[in-house]
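**Student:** Got a structure for you, written out below as structure tokens; questions coming shortly.
Read the figures in this text as sums done on the coordinates, not as results from a lab. Because the structure is a prediction, the values reported are computed rather than measured. So basically every Cβ, Gly included, is an ideal-geometry build from the backbone, and we count neighbours across all protein chains shown.
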Amino acid sequence: MPPLHGPTLQFVAVLVTLVAAGVSLLTWYHHREGPGLRGWALAMLLGTAGTYLFGLREPDASFRFILIGDGLFVAGFATMWMSMRRFNDPAVTAELMGVIVATILILFAALFTLAWQVAPVARAQSIVFSLFVCILASLASWETWRGRHLDGLRSRPIAALALAGIAVARLVRAAMVSAQGIGLMGADVGIVAQGYAQYFTTVCILVVTFGLVLMAHERFERQYAISTEAGRAAE
């Protein structure tokens, strides 16, 4: 397969995440009682910043620059997971979300630094990054699917499957980086695969946002129907 044009791919990724953040905020504006929407918008903004820094990354980029960019991306996915948890359980406070996201970010920074020092040639830090995103996307997918047993929203599978797709893409990416590290795969193949993986992830993020908006609207319609029926019964 031919490689995708890197700068165009980065621009599309940044644009999509910004649009996703705006759509989430707009949905929250119309449904203020819907928990998790502002957190999802924040997650998209963190992902946008991480993607933008990745686009600026040079082959000789410093460790600190790479860590900040990847850390923002991990923080974004951690916020996605916690946003889904808050959507299922409004009792999850913003303070608790912040503590959990900060804890995950600290753990990621520690393991990323260790991997950078232990096996820089094998790009072990890239494997750590991909595995963190894979785990967080899987947790968000499970949280989205699990909530179906709580409220029965029919639009939940859309977001859950898209998040699962992101998790699978990052797991494949980690396997490919490992194969490159032990000489089973050429660097040129890895570069092509990385571009397609980023494109697939961008599409999945757009689908997840679409699913989350549908979930918010569906929940609002159900609550409105229940309140209307209760009002008519009181009359």
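**Student:** Within 13 Å, Cβ to Cβ, of Phe112, how many net charges do the neighbouring residues add up to if Lys/Arg are +1 and Asp/Glu are -1?
**Tutor:** Working: positive: Arg64, Arg123; negative: Asp70.
So the environment of Phe112 carries a net charge of +1.
**Student:** Can I ask one more? From the square roots a ≥ b ≥ c of the eigenvalues of the alpha-carbon gyration tensor of segment 20-86, which class results: rounded (a/c under 1.5), prolate (a/b over b/c), or oblate? The partial results should precede the final answer.
**Tutor:** Details: a/c = 5.47, a/b = 2.45, b/c = 2.23.
Judged from the Cα gyration tensor, segment 20-86 comes out prolate (a/c at least 1.5, a/b above b/c).
**Student:** Let me ask something else about it. Return the calculated 222 nm mean residue ellipticity for the chain, to the nearest 500 deg cm²/dmol, obtained by summing -39500 (n - 2.57) across DSSP H runs with n ≥ 4 and dividing by the residue count.
**Tutor:** Working: 8 runs with 197 residues, N = 235.
Computed ellipticity for the chain at 222 nm equals -29500 deg cm²/dmol.
**Student:** If you add up the charges near His149, with Lys and Arg at +1 and Asp and Glu at -1, over every other residue whose beta carbon is less than 15 angstrom from its beta carbon, what do you get? Write down the numbers at each step before the final one.
**Tutor:** Details: positive: Arg85, Arg146, Arg148, Arg154, Arg156, Arg219; negative: Asp89, Glu143, Asp151.
Residues close to His149 contribute a combined charge of +3.
**Student:** Quick one: if you stick a label point 7 Å off each Cα along the C-beta vector at Val172 and Ala61, how many nm between them?
**Tutor:** According to this spin-label approximation, the distance is 2.3 nm.
**Student:** Please state, to two decimals, what the Cα-based radius of gyration of the chain comes to when divided by 2.2 N^0.38 Å (N = residues).
**Tutor:** Details: Rg = 19.2 Å, N = 235, 2.2 N^0.38 = 17.5 Å.
My calculation over the Cα atoms of the chain gives 1.10.
**Student:** Between segment 100-125 and segment 39-90, how far is it from one alpha carbon centroid to the other, in angstrom?
**Tutor:** First find each Cα centre; the distance between them is then 15 Å.
**Student:** While we're looking at this one, here's another question. Given a Förster distance of 25 Å, report the FRET efficiency between Ile68 and Glu221 from their Cβ-Cβ distance, rounded to the nearest 0.05.
**Tutor:** My answer for the efficiency is 0.05.
**Student:** What distance in nm separates the two pseudo spin-label positions at Leu25 and Leu105, each 7 Å out from Cα along the beta-carbon direction?
**Tutor:** About 1.9 nm separates the two model spin labels.
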